[in-house]
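Enquirer: This is the structure I want to talk about, given as structure tokens.
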Amino acid sequence: MSSVLFTNVRVLDGTGAQPYPGEVLVQGNRISRVGRGPRSLPTAGVTVIDGAGATLMPGMVEAHTHFSWNDAANLSDLQRLPLEEHVLWSASVAKRYLEAGWTSCVGAACAKPRLDVVTRNAINQGLIPGPRYLAASQEITVVGGLGDETLPHLPFPEFSFGVAVTGTEEMRRAVRMFLKYGVDSIKLNLSGDNFMPSAPAGTTWMSDEEVAVAVKETKMRGKRVAAHARSGESIKQCVRHGIEIIYHASFADEEALDLLEANRDKHFVAPGIGILVAMLDHAAPWGITRQKAVEMGYEIELAAASESLRKMHKRGIRVLPGGDYGFAFTPHCQNARDLEFFVRYLGFTPMEAIRSATLYGGQIMMRPNELGTLREGWLADLLLIDGDPLANLSILRDAKRILAVMKDGQFAKMPEIESSRAWERAA
Ligand SMILES: [Zn+2]
């Protein structure tokens, strides 16, 4: 069993505690010892990595991931890639996430029925490198809602990244199909989205009967439900129906906030705040100028989301970074931008933003007692970072500053070996 000792590092454990100088010993796939100060742990028989003062922290968890989003600038192009290319694309994106420091990702929907499942299975079988991954279904929507990209003269479901259902029996069939394929979660599009002028963010599309059937079928098999829920009514639907993962949650009114707070141990909110910022500030090269984005409602939504999510954070509701990277204006692996946005828009401290990406991350991965923080006995998902992320969160999205990535005790990104001083193998 291989053992690795990180020495001369600043330990940032992900719990919210202040970092301290120390050493961390990894044996097999677990963190076996954490020591304070220099030279506190034995070096015999282990690979020693001198961090030279770098920060050692838990791997980050992406709470709202779309590996199969293919850098398209519109919704219909998410789906146009042929299946074979799409599989390879998803595999290549998974590898990039891991190397970028995202050692766990929660799938939030894929563009074709089994893309997430086969990617997760290939990672777990060791066929391809990638984060720990929970596979999602396609988005289940209703006719005319977000995800229904069929055209009147081309009514073929293959044009849509979502599956459009009408009524409880079609919902039941769609949910059962994805459960048969082996997903970890079912994704429902409860609200609209400003990307679709005919179904904007404040609108709510799915009937309570349809939602109830989806949740019942999913929970019967021990799986989770996640929802695209921007409107106030859709957020309340999530709480009423026990939908564990709430994406976006932009327009939470007082009633929704009270409901969420009363049930805060049951829910995670992963807003994907980055896409709202990107639509306003970074989408002009693809024809969405700031003026156009304002007309589409993004300025109003960013202001509302900032207020809603700031209140959620104050009320102790778990809000996690990540989400909707994989569009042209939200490039994959820039996901750590969200930590900066959490500070700028949602009133988080840098420490709280990191805690959300790590401690809460282990919880949303359903491994709250072994994943997400750096402590003895826990899984060895670790990042060695050049610098202090608490002083400058942007280094977490700079590949050059991510010196090493370890997942399950194995290096996904090896630290550079510059000299025998930095890398020595003790006898
Ligand atoms: Zn999404």
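Enquirer: Give me the net charge of G316's neighbourhood, meaning all other residues with Cβ under 10 Å from the Cβ of G316; Lys, Arg count +1, Asp, Glu -1.
Expert: Every neighbour counted, the sum reads +2.
Enquirer: Moving on. In whole percent, how big is the carbon plus sulfur part of the accessible area of the stretch 1-80, probe 1.4 Å, protein atoms only?
Expert: 47 percent
Enquirer: Something else: For K314, K95, K112, give me the order by solvent-accessible area with a 1.4 Å probe, most accessible first, ignoring ligands, DNA and RNA. Spell out each step's value before the answer.
Expert: Values: K314 165, K95 85, K112 25 Å².
Final ranking, largest accessible area leading: K314, K95, K112.
Enquirer: Count charges around E169 for me, please; just the other residues with Cβ under 12 Å from its Cβ, Lys/Arg as +1, Asp/Glu as -1.
Expert: -1
Enquirer: Separate question: Expressed as a whole number of Å, what is the distance separating the alpha-carbon centroids of the stretch 181-238 and the stretch 272-289?
Expert: 24 Å
Enquirer: According to the Cα gyration tensor, what semi-axes, each the square root of 5 times an eigenvalue, does the equivalent ellipsoid of the stretch 116-260 have, listed from largest to smallest in whole Å?
Expert: Largest first, the stretch 116-260 gives 24, 20, 15 Å.
Enquirer: Provide the per residue accessible area, probe 1.4 Å, for the chain, rounded to a whole number of square angstrom.
Expert: Accessible surface, normalised per residue, equals 39 Å².
Enquirer: Here's a follow-up. Choose one answer from A226, A73, A270: the residue with the largest mean-square fluctuation in a GNM of the chain with alpha-carbon springs under 10 Å.
Expert: Result for the chain, Cα springs under 10 Å: A73 fluctuates most.
Enquirer: Residues with amide H under 5 Å of A72's amide H, sequence separation 5 or more or different chain, H placed in the peptide plane at 1.01 Å from N; which?
Expert: For A72, the qualifying residues are A328.
Enquirer: For the chain, what number results from the quotient of the Cα radius of gyration and 2.2 N^0.38 Å?
Expert: For the chain, the normalised Cα radius of gyration is 0.98.
Enquirer: Show me, for the stretch 144-154, the HN-Hα J-couplings you get by feeding each phi into the Karplus relation (A = 6.51, B = -1.76, C = 1.60, θ = phi - 60°), rounded to Hz, glycine and proline as x.
Expert: Once rounded to whole Hz, the list reads x, x, 4, x, 8, 9, 5, 10, x, 8, 9.
Enquirer: If I compute solvent accessible area with a 1.4 Å probe over the protein chains, what percent of it on the stretch 331-422 is carbon and sulfur?
Expert: 46 percent
Enquirer: Right, something else. Suppose we keep just the DSSP beta bridges with both residues in the chain; what percent of those would be antiparallel, to 5?
Expert: 50 percent
Enquirer: Ratio of alpha-carbon Rg to the 2.2 N^0.38 Å globular estimate for the stretch 288-427, to two decimals, please. Can you show the working numbers first?
Expert: Working: Rg = 18.1 Å, N = 140, 2.2 N^0.38 = 14.4 Å.
Taking the Cα Rg and dividing by 2.2 N^0.38 Å, one obtains 1.26.
Enquirer: Give the distance, in whole Å, between the Cα centre of the stretch 73-132 and the Cα centre of the stretch 328-370.
Expert: Here the answer is 20 Å between Cα centres.
Enquirer: Amide H neighbours of T103 under 5 Å, at least 5 residues apart or on other chains, H built in the peptide plane: list them.
Expert: Under 5 Å from the amide H of T103: M60.
Enquirer: At a 1.4 Å probe, what is the % contribution of carbon and sulfur to the accessible area of the stretch 170-265?
Expert: Carbon and sulfur together cover 48 percent of it.
Enquirer: Quick one: pull the percentage of alpha-carbon pairs in the stretch 262-351 with a separation above 22 Å.
Expert: Across the stretch 262-351, Cα pairs with separations above 22 Å total 28 percent.
Enquirer: Using only alpha carbon pairs under 8 Å that are at least six residues apart, calculate the relative contact order of the chain and give it in whole percent. Present the calculation step by step, with values, prior to reporting the outcome.
Expert: Working: 1045 pairs, mean separation 85.9, N = 427.
Answer for the chain is 20 percent.
The values are calculated or read from the model by the stated rules, or taken from the named source; none is laboratory data. Just so it is clear, the structure is predicted and the values come from calculations on it, not from any experiment. Note that we place each Cβ from the backbone using ideal geometry, even for glycine, and neighbour counts take in every protein chain shown. In case anyone asks, the SASA skips ligands and DNA or RNA and just uses the protein heavy atoms, side chains included. Shrake-Rupley method; radii C 1.70, N 1.55, O 1.52, S 1.80 Å.
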